[in-house]
Amino acid sequence: MTEQEHLFRLTQDPDATPHPIRKTIRDAGDAREQDAYARLYEDVFDQLDALDGRLAEQRFLSGDTEPSAADWALYVVLLRFDPIYYGLFKLNRDRLQDFPQLGDWLRDLYQRPGISETLDLTAAVKDAYISRPDLNPKQTWPVGLPDYDAPHRRGRFDRTALRASGTEESGKGTRKGAFVRGKRQHRGGISPDQAEPGRYHLIVADNCPWCHRCTLTRAILGLQDVISMDTLYFRRDPDRGWQFRPDIEGFDADSLHGVRFVRELYERIGSTEKSVPILWDKREDTLVNNESAEIIRMMDRSFRTFAHAPSLTPADLLDEIDWYNDWIWRDINNGSYKAGFSSNQMVYQGAFQRFFNALDRLERIFAQRQFLCGDRMTEADVRLFPTLFRLDAVYYTRFKLNRTMVKDTVHLKRWFAEMLEVPGVMEASNLERCKQGYFGRHGNEIVPIGPADR
């Protein structure tokens with residue numbers, strides 16, 4: 001029996017869980033004397049306080065690596081605490097989400113791939129209230145549910161959180177045939193006092209989603225006259241990689257040194273890398289950074305004086321933005337490539353499922369929020385957009401991510417349409433070059449005509 005199958009059985013019958021708090025909660029709900037209820041009430045919250053204190057020191061009950069059987073036994077009980085036990089059993093000192101740790105711990109488990117599908121919580125709430133006419137004589141039930149898809153901060157216990165949020169992976173322990181994205185080696189920064197108009201230069205390719213982040217941020221912030229840019233040809237040379245093709249309409253020559261290939265710029269500084277985007281310092285004649293996540297953060301923070309739009313990384317939302325960035329990169333941005341570039345069927349199927357689990361979560365999130373972090377667009381939305389911009393026309397076919405299109409959804413489609421209306425977004429997004437870049441160099445090199453317009 002798999003972990004998910006075992007959890008599915010437990011979640012259907014929380015009384016079967018071995019965790020001791022389950023009996024205390026049940027006894028509190030069954031109490032018929034005020035004194036007995038009061039004693040059990042205190043006992044429940046003493047146990048919850050103790051658990052919360054323990055989880056302040058480690059990510060899971062068994063440690064900081066993976067949840068154990070003890071975590072899952074507790075999970076199936078506490079998943080019902082806020083929507084059922086808080087009201088039906090009158091255990092109303094605090095909701096789980098009011099605890100410093102337990103609410104985040106529960107969301108951490110709920111958001112693991114496949115876990116949210118193990119229980120229909122709406123049906124569970126209805127069943128619980130209907131089955132207890134002694135406690136609920138009017139036989140109605142509450143319809144509000146906790147937002148278990150909301151960000152959590154348990155990642156602070158994860159040693160990998162020390163890396164830049166959502167930028168790289170080690171590849172350690174990956175299965176044969178899995179795609180592993182390489183690390184970027186040029187990770188310099190720009191301070192606000194170094195941010196000068198005309199000093200810095202971007203090199204991008206329109207079909208590359210990591211470049212798309214940069215062109216989006218530059219356009220949304222109105223930095224086109226501050227940071228110059230060259231656009232590469234969408235098709236790489238088989239031997240030399242990304243190339244400048246000024247002989248083809250719509251593509252630029254290298255305005256830095258007049259070279260033909262991006263690799264030659266790297267060679268000028270003694271580097272063997274070949275990736276884009278590139279942020280170049282024209283005054284110092286050197287490469288500053290080639291990690292898109294860091295480039296867009298610098299554009300928003302260091303070039304704030306020159307920006308014509310509100311910050312994409314406001315200080316009060318930064319923790320939430322970083323949480324979304326990490327999840328979106330792992331399951332959606334890089335997750336799409338995990339499916340599309342895999343040469344192992346089982347690895348592909350796992351990446352496929354994880355990608356669409358994430359899309360289902362996004363649909364639930366956007367049912368409650370205009371943008372990821374509330375009523376304003378942030379960097380997290382900008383980083384999500386390039387993948388979903390490519391899904392219907394490219395990844396659905398090219399990466400075999402063919403369960404759902406953006407146009408098949410309701411709330412995600414609404415968010416997508418609003419993003420397209422943001423000044424600068426359409427200017428920085430070229431779907432035809434995406435199609436030409438992804439399809440024109442694989443298989444029969446035919447570029448598909450469709451799909452129909454959204």
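The values are calculated or read from the model by the stated rules, or taken from the named source; none is laboratory data. Just so it is clear, the structure is predicted and the values come from calculations on it, not from any experiment. Glycine gets a Cβ as well: all are built from the backbone with ideal geometry, and neighbour counts include every protein chain shown. Calculation scope for accessible area: heavy atoms of the full protein, side chains included, ligands and nucleic acids excluded. Shrake-Rupley method; radii C 1.70, N 1.55, O 1.52, S 1.80 Å.
Structure values in brief
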quantity	calculated
Relative contact order computed over the chain (Cα-Cα under 8 Å; 6+ residues apart), in percent	13
Peptides ranked, highest mean first, by Cβ atoms within 10 Å: ranges 116-125, 244-253	116-125, 244-253
q = 0.14, 0.15, 0.20 Å⁻¹: log10 I(q)/I(0) that the Debye formula gives for segment 333-454, counting C-alpha atoms only	-0.62, -0.71, -1.22
Accessible surface of segment 228-380 [probe 1.4 Å, protein heavy atoms]: carbon and sulfur percent	46
Of the DSSP H helices in the chain, those whose Cα atoms cover at least 27 Å axially and whose Kyte score averages -1.0 or more	34-55, 345-368
Approximate spin-label separation residue 30-residue 139, in nm, with each point projected 7 Å along Cα-to-Cβ	2.4
Added length on full extension, which subtracts the Cα-Cα distance from 0.36 nm per residue, residue 194 to residue 42	48.9 nm
Residue 69-residue 376 FRET efficiency (beta carbon distance; Förster radius 45 Å; 0.05 resolution)	0.60
Solvent-accessible area, 1.4 Å probe, carbon plus sulfur percent, for segment 94-151	53
The chain - mean residue ellipticity at 222 nm from DSSP helices (-39,500 (n - 2.57) per run, n ≥ 4, rounded to 500)	-12000 deg cm²/dmol
Pairwise FRET efficiency - residue 418 versus residue 93, Cβ, R0 = 41 Å, nearest 0.05	0.55
Whole-number accessible area per residue in Å² for the chain, which is evaluated in the context of all protein chains at 1.4 Å	46
Shape of segment 23-137, Cα gyration tensor, a/c cut at 1.5	oblate
